Each structure stands twice: as C-alpha cells, then as structure tokens.
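Inspection log for the structure reproduced underneath, given as structure tokens.
The values are calculated or read from the model by the stated rules, or taken from the named source; none is laboratory data. Note that the coordinates shown come from a computational prediction; the quantities given were computed from them, not determined experimentally. Every residue, glycine among them, receives a Cβ derived from its backbone with ideal geometry; neighbour counts consider all protein chains shown.
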Amino acid sequence: MRLRALAPVLAGALSLAGCASTTANVAGPASLPVAPAASPALAPTAPPRLVVAIAVDQFSADLFAQYRQHFSGGLARLMRGAVFPSAFQSHAATETCPGHSTILTGAHPSRTGIIANNWFDLGLTRAEKRVYCAEDETDPGSTSRDPVVSAGHLRVPTLGEYLKRANPRSRNVAISAKDRAVMMMGGQAIDEAYWYKGGAFVTLKGRPLAPAAVAENAEMGARIASGAPAFAAPDWCAARGETVSAGKAGLVGAGRFALAPGDADAFRSSPRMDAATLDLAAKLIDQMQLGQGSAPDILSISLSATDYIGHATGNEGMEMCVQMAELDRALGAFFAKLDAEGQDYVVMLTADHGGLDLPERLDEQALPRAVRVDPALTPGELGKAIGTQLGLTLDGPLVYGDAPFGDLYVTRELPAGPRAKAIAALVARLRAHPQVAAVFTADELAKSPAPTGNPQDWTLHERARASFAPARSGDVVVLLDRAVVPIVTAAPGYVATHGSAWDYDRRVPLLFWRKGLPGFEQPAPVETVDIAPSLAALLRLKVPEGSFDGRCLDLDGAAGNTCDARD
Ligand SMILES: [Zn+2]
C-alpha cells in the first residue's frame, strides 16, 4: 500500500477543532499541518496510524438504544462520530465465533467458514467429533472444550492480515477474555494474541508472554486475590433491581458484582474483565509503540463482560445497567490515554451478536410468548425419537448437534439409503414442532445463491444461507421461533442467550470515530461485513477485487468521502 500525501484542502468548510494535534507523533506523508486557530479545520485525510477495532460481546442494538441517552464516557465520544444504530450480523447463527469472524474479514460466515461456535466433523479420526471454531483439532492435546487455540478454521484473511501483506511492518494485535474472539478478529498472522484463562491472560501455544501481559497478570491477579466491593449504581439504574426467579440460577436482577477474594470466574463475569482487557491493551500499546511505527497498526479488542453478564443475569436487570455504565467509563479512560499520547487513531465499535432477556422476566415485561425450548428438540432426544421411529439400533448417537437449534448432523454409520430416510424423518419431525420456525437441508441451502440487499428483509432461508458453508454445516439446519430461548433449564451463569435468526440477535450498533471526522447518524441498515471495506478504504489498503461481501461506508458526514481516497 501507499500512504497518500496530504490532500491540500477538503471540499466544504469543516468546523471541527483540534485535528492539529493529530500531528503529535506522525511524520512524513501521513502528517497534517497545524491549522491556524481561526481558520476552518480540516477533516483528516491521511490514513490513521492506529486502528482500534472493538467488539462488545452481546451488545445488541436494543441495549444501545436503551442506554445511549446515559452515556457520558467513551461511548458518548463514539456517538459523536459516524453512528449506524442498525448494523446487522446478517446471518442466522448469531454466535460469538461467526459474529467475530465477519467483523474484520468483510465476509459472511458462509465464506469465513465459521458457521457456529462448535460444529461436528463426523470424519474426524479422534474420538470426539465436536470441533471448536478456534481449535487445532489435529493437535492431539486439543479438545473442543479445552482447545489448542488456532485461527486455522478461518478461510479468509482479516484486515490485520491484509495490512501485513501490504506492509510487513504493520502490527496485528488482538486481545479479549475469549480466545475465539481473538482468533477471529486477528487471524493467523498475528503479532500478539491474549485471552483470559483461569485468572490470567494467556497466549498461543509455544509463545512467551510479552512483558505487558506479565505486568497485567500481576495487577489483575492481585485484584482477583483481594476481592472487591459491589459497584455503585448510577441514578439511572435505580428503576432496575427488581429480582426474578430463574430456575437453578435462583434470583437475578439486583446484582452489582461484589467479588469474593480469589473468584476468577466471577471476576470474568463482571465489568472488571473489560477494564482489565483495556488495561492490557494500553500496556501493549506502550510496550509495542503501536501507532508510532512506519506503517499503520491494528489493535483488536473484544470486551466479553457484557456477554457473560447477559448469559448469567439477562439484559434487563441492575447487572446489565451497571455494566453499561462501567463499559462507558472504561472506554472513556482508554480513549483519554490514547489522546494523552497524541495517537492518530480511528475507533470502530460493534458487536458479534445481540441477545434476548430471560423468558421469566420477559413474561413479566409484556412478552409472555417468550419460552424456554422444549427438551424434545435437543439433538440427543431427536436422535432417540428418530431411532425408535425407524427401528434403528446404533452404538453411537444418531443425531449430533451442539444445541437445540442450528446445525444437526446424522451419523455416517448408516448406509446411504437409511441415512437419507433418517434425515427426512428428522426434517419432518422438526417441521411439525410448534417451536420451530424453519428447517433447511444442506442441499436446499447449497443450491441457493448468497443473499444480497437489505439484511433486515432477508428471508429465514437467506439468513441461514449466509451461515452455510459446504463440508462444515449440518445435514439439517433448524431455526427456532421468535422468543424461544434455546436453554432448556436456567443454570448458574446461563439463564439467557442468543444464537437465533431474529433481529434481537442480529442487530447491533456500529460506531466509528476519528478526531476531526465530521459525525452523523445513519439509521438505514448496514452490515458488519461493511466494516472491513470501510476501514480498508480509510487505510488506503488495496485488497483483491471480490474479497469483501460488504461495501465501503463513507465515514465522513460532510462533503469528504472516506471511500473515495485518490492516490
Ligand atoms: Zn458473543
């Protein structure tokens, strides 16, 4: 790639002050002149030196809409940039791994190959047929639940990998509490990669911890060991706090995250996890001098606490309200640090999927149709029922699947004829179930073209097609009805979830901010696959034609056009 020399003037008078300070630590063709105080300031036209790509796990467009009026920190700053309140993770399988795989590849899961968090490979030689999206299952030490972490299943490059191909001096760094978020945003050519495991940040097999991670682990370890009092709730959370009974999880709705000494899991499921992740990000920026090199760097940060809290306590209680306040505060402190260093950076913030509250509270809050899924729809129960119906006796399961929705696989131990009969019986049984919205076979999905147009209007078939990857997807794909929560029984840490083809799980906010870039809000639907082409254009990064499923979004709300950079 070529860095573009500064364009002398942008069309239109842009009245944003302060872009002069973007010169603080850049040199050569990327620098901007210091604008005289009285003259109109310019929107930045040179590529930013640092891309900060943030995914807030399970941060639905609904949460953003509910809480945006209260933000005063980092999220408030991003709301002064380019705001797309209706971005779509357009595909049907709205899980963490597929969602993160779209964000920096610009490709739907049908092309990233990341169809779900877990899928089944019935041809695997190891005993376990379940494959985790971010594992190297060829490593004998790997299992789907305790994986040897790898981005090997990702079939397309990430933005960081495109950057490094264009200029090997670009650094590609990714961190999160979750290994899969790190791998899907970073990809395989990754300079530093960290995720949380058992109370510490860890990295890829065989790699040493960077000094920044060692330092963060010492600080975080001390915080976990000492425990901490509950967070104070802002006034605007006062209306929350009504408790609701969620099965074996007991009462939820009034928690404020008091931390018992030594409880590393509770630390992870609290706002403290996001703060620690951002602390590590800041330390890596300092150690690696990210944003100060001769080529642009990319730092991907996936903040997982919103998701852990959503799963543990739903998204309409005191817990999520406190989390929204703390997320906003932690992001504000992080951006303030970048400002103090004079970094020339662009921020993109979005989510990997949305989420739905727990049905027990939805029932009290005007959505009585929300229910927990019928246990008869779990893969094990389906397999037993089909086996009985067809008189089949097998050593292993007849139907494999990770959850009571999504991809289902029929055993390869059956000969072709009986196997086809079993698939047909499975489809018929699912289609007859009142909680099932749609059922598609792999053949049906393989035959249909990749969907285009407004993702809000896609049919269920089109949503499922965007999640379909040959040789990895199930023989049958099941989509549950709206507001059917695919958790049979609430348990501690797991009362509510996401993963459906409905818009409460597909619709997420998308925000871009860069100092001096005129802001705007565009309510029309966009897609998370638009992020990579938009950032690539901002970076003047050339990628091969056809690399992206999405389109470039012009992030300049005034006359300038960030998709139209000439060099
Ligand atoms: Zn997630």
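At-a-glance table
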read-out	value
Counted residues, the range 400-418 - those being without any contact (Cβ under 8 Å) to a residue 40 or more places away in the chain and crowded, with 17+ Cβ neighbours inside 10 Å	1
Filtered residues of the range 350-374 (kept if of a type in the set (S, T, N, Q) and either within 16 Å of the ligand (Cβ to nearest atom) or buried (at least 24 other Cβ atoms within 10 Å of the Cβ) (or both))	350
Filter result (in a helix (DSSP H, G or I) and of a type in the set (Asp, Glu)) within the range 459-478	462
Filtered residues of the range 419-432 (kept if in contact (Cβ under 8 Å) with a residue 24 or more places away in the chain and more than 14 Å from residue 443 (Cβ to Cβ))	421, 422, 425, 429, 430
Single condition residue 537 does not satisfy, out of (1) surrounded by fewer than 19 Cβ atoms within 10 Å (Cβ to Cβ); (2) not in a loop (DSSP other than H, G, I, E, B)	(1)
Neighbours by Cβ (under 9 Å, 6+ apart or cross-chain): first from the range 154-168, farther than 21 Å from residue 301 by Cβ; second of a type in the set (Gly, Ala, Ser) and surrounded by fewer than 16 Cβ atoms within 10 Å (Cβ to Cβ)	167/294
Breaking point among (1) within 15 Å of the ligand (Cβ to nearest atom); (2) closer than 17 Å to residue 65 by Cα, for residue 321	(1)
Sole residue being closer than 29 Å to residue 400 by Cβ, of a type outside the set (Lys, Arg) and away from the ligand (no atom under 16 Å from the Cβ), chosen from 157, 147	147
Long-range neighbours under 6 Å by Cβ, at least six apart or interchain, first residue free of Cβ contacts under 8 Å to residues at least 12 places away in the same chain within the range 370-393, second assigned to a loop (DSSP other than H, G, I, E, B)	387/398
Unmet criterion (only one of (1) in a helix (DSSP H, G or I); (2) within 15 Å of residue 409 (Cα to Cα); (3) touching a helix residue (DSSP H, G or I) at 6+ places or on another chain (Cβ under 9 Å)) for residue 456	(2)
Criterion (among the acidic types (Asp, Glu) and touching a Lys or Arg at 6+ places or on another chain (Cβ under 6 Å)) met by exactly one of 161, 216	216
Residues of the range 213-227 classified as surrounded by 12 or more Cβ atoms within 10 Å (Cβ to Cβ) and within 28 Å of the chain's Cα centre (by Cα), total	10
Helices (runs of 4 or more DSSP H) lying entirely in the range 54-103 (those with 2 or more residues that are within 11 Å of the ligand (Cβ to nearest atom) and touching a strand residue (DSSP E or B) at 6+ places or on another chain (Cβ under 9 Å))	96-103
Count of the range 104-121 residues which are within 16 Å of the ligand (Cβ to nearest atom) and in contact with an Asp or Glu (Cβ under 8 Å, 6 or more places away or on another chain)	4
Qualifying residue in the range 1-14 (condition: at pLDDT 95 or above and within 29 Å of residue 111 (Cβ to Cβ))	no
Selected residue (only one of 287, 343 is modelled with pLDDT of 95 or more, closer than 22 Å to residue 532 by Cα, among the polar types (S, T, N, Q) and more than 16 Å from the ligand (Cβ to nearest atom))	343
The range 279-313: number of residues that are assigned to a loop (DSSP other than H, G, I, E, B) and within 18 Å of the chain's Cα centre (by Cα)	1
Residue within the range 414-430 that is under 27 Å from residue 371 (Cα atoms), within 24 Å of the chain's Cα centre (by Cα) and among the small types (Gly, Ala, Ser) present	no
Residue 276 buried (at least 23 other Cβ atoms within 10 Å of the Cβ) and assigned to a helix (DSSP H, G or I)	yes
Per-region count, the range 479-509, residues part of a strand (DSSP E or B) and either in contact with a Pro (Cβ under 8 Å, 6 or more places away or on another chain) or within 15 Å of the ligand (Cβ to nearest atom) (or both)	6
Subset of the range 290-306 [farther than 13 Å from residue 169 by Cβ and hydrophobic (A, V, I, L, M, F, W, C)]	299, 301, 303, 305
Subset of the range 104-134 that is within 17 Å of residue 549 (Cα to Cα) and in a loop (DSSP other than H, G, I, E, B) - its residue that is farthest from the chain's Cα centre (by Cα)	113
